[in-house]
1. Just to be sure I understand the filter: pairs with C-beta atoms under 6 Å, separated by 6 or more residues or on different chains, first member in segment 107-131 and within 16 Å of ASN37 (Cα to Cα), second member open to solvent by 20 Å² or more (accessible area, probe 1.4 Å) and assigned to a loop (DSSP other than H, G, I, E, B). Which pairs pass?
2. Could we say that LEU260 is modelled with pLDDT under 95, in a loop (DSSP other than H, G, I, E, B), closer than 20 Å to LYS174 by Cα and not polar (S, T, N, Q) here?
3. Among the numbered criteria (1) modelled with pLDDT under 95; (2) surrounded by fewer than 18 Cβ atoms within 10 Å (Cβ to Cβ); (3) not in a helix (DSSP H, G or I), which single criterion is violated by LYS105?
4. So for segment 303-312 (the condition being surrounded by fewer than 19 Cβ atoms within 10 Å (Cβ to Cβ) and under 16 Å from ILE338 (Cβ atoms)), does at least one residue qualify?
5. Is it the case that segment 125-132 has a residue that's among the aliphatic types (A, V, I, L, M), farther than 13 Å from VAL290 by Cα and open to solvent by less than 30 Å² (accessible area, probe 1.4 Å)?
6. Among residues belonging to segment 326-342 that are in a loop (DSSP other than H, G, I, E, B), open to solvent by less than 50 Å² (accessible area, probe 1.4 Å) and not polar (S, T, N, Q), point out the one that is farthest from LEU41 (Cα to Cα).
7. When you scan segment 266-283, do you find a residue that is surrounded by 17 or more Cβ atoms within 10 Å (Cβ to Cβ), small (Gly, Ala, Ser), at pLDDT 90 or above and closer than 18 Å to TYR135 by Cβ, even just one?
8. Does ASP61 count as modelled with pLDDT of 85 or more, within 23 Å of the chain's Cα centre (by Cα) and surrounded by fewer than 13 Cβ atoms within 10 Å (Cβ to Cβ)?
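The values are calculated or read from the model by the stated rules, or taken from the named source; none is laboratory data. Everything numeric here is computed off the predicted structure, so don't read it as measured data. Note that each Cβ is placed from the backbone with ideal geometry, even for glycine, and that neighbours are counted across all protein chains shown. The protein model used for the area step is the full one, side chains on, heavy atoms only, and it has no ligands, DNA or RNA in it. Shrake-Rupley method; radii C 1.70, N 1.55, O 1.52, S 1.80 Å.
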Amino acid sequence: MYKEITMDEFLEMICSALKDFYGNENRVRRANVRKNNGIILHGVTLINENSNISPTVYVDDFYEEYNKGCLTMGEIVNSIIKVGEEHAKEGDFSMDFFTDFEKVKSRLVFKLVNTEKNRELLKDIPSFPYMDMSYIFYCILDNEMLGEASILVYNNHLKLWNIEKEELLALARKNTPLHLPAKISSMEDVMRSIIKEDLLHKCDEYMETYLSEEELSHDDELRMKEPEQWLEVMADRLLDRIFDMRDSFPMYVVTNQKKLYGAACMTYDGLLENFGKRLQKNFYILPSSVHEIILVPDENLEDAQRLQSMVREVNETQVSGEEVLTDSVYYYDWQEDIISRL
């Protein structure tokens, strides 16, 4: 039976085992990393002496599994060593470009975070208030080896580049819509996309839950000849069932094409205004997470407060702590071009 230990003890055990494996205590370093909303992740950094890339492996999930008795220390250490070996194959990545403002200025973009939950972080980085949120800035890396990597901009970077934060904001307002163009989809389209993708993995479960045997057998020939078309038909039928089973109102999901920090799209010039003109209606703005928002046309809802309750409940039960944006709900008046917080 496993004895529950503290995170500090757990990290000490991991570092000791890794130092024994590498035969050099300078190859391993403990790391606590502050993430969005004040969340601290615990990890170990594996120093690669032959490369300027040193991966940090977060161990918070390992810690929970170890205390539950699901993983042994040997299994955890082997997993971390494997990560180090994989990164060692990737070679070097030069960060010299980041010191040259002319090379980075076209890749500086912004995202929105919760102001209150990031008070400590905001002391060290340039930011601008927006409602109960804040603009913060990051640089998109253009490197196949690192994938969707980015570098958060700190106050000392502004000193290095010899610029003021107002110039940073102006650049990011221009760059962000170019690098991360907004995309507005109906909730039905989003659900169709999710269901079609999930159908490939959970086909039998979905079919048995929502469709009759007659419906399932009706298109067997189409299923064999044109599986993609058959999935489209099945997705349409599933959506009909799902939307029929609940009292829903029109919703639209806004994110960017990479679905990464897409809530910032709500501040793009003209986006809310153009959407309001298209609907000819005012609408509510529900922050789903840092990655997307939901627009709900004002259809004379009997109780707009239930939208706020819904956002709060989703944040508490469905969104990871690091990805929560805010519990607030906003209202946009398209004729006055005014956004306000309820």
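1. That search, which allows pairs on different chains as well, returns LYS111/TYR261; THR115/ASP132; ASP124/TYR154; ILE125/TYR154.
2. yes
3. (3)
4. No, segment 303-312 has no match at all.
5. Checked against the condition, which is being among the aliphatic types (A, V, I, L, M), farther than 13 Å from VAL290 by Cα and open to solvent by less than 30 Å² (accessible area, probe 1.4 Å), segment 125-132 yields at least one hit.
6. Within segment 326-342, the match that is farthest from LEU41 (Cα to Cα) is TRP334.
7. no
8. The answer is yes for ASP61.
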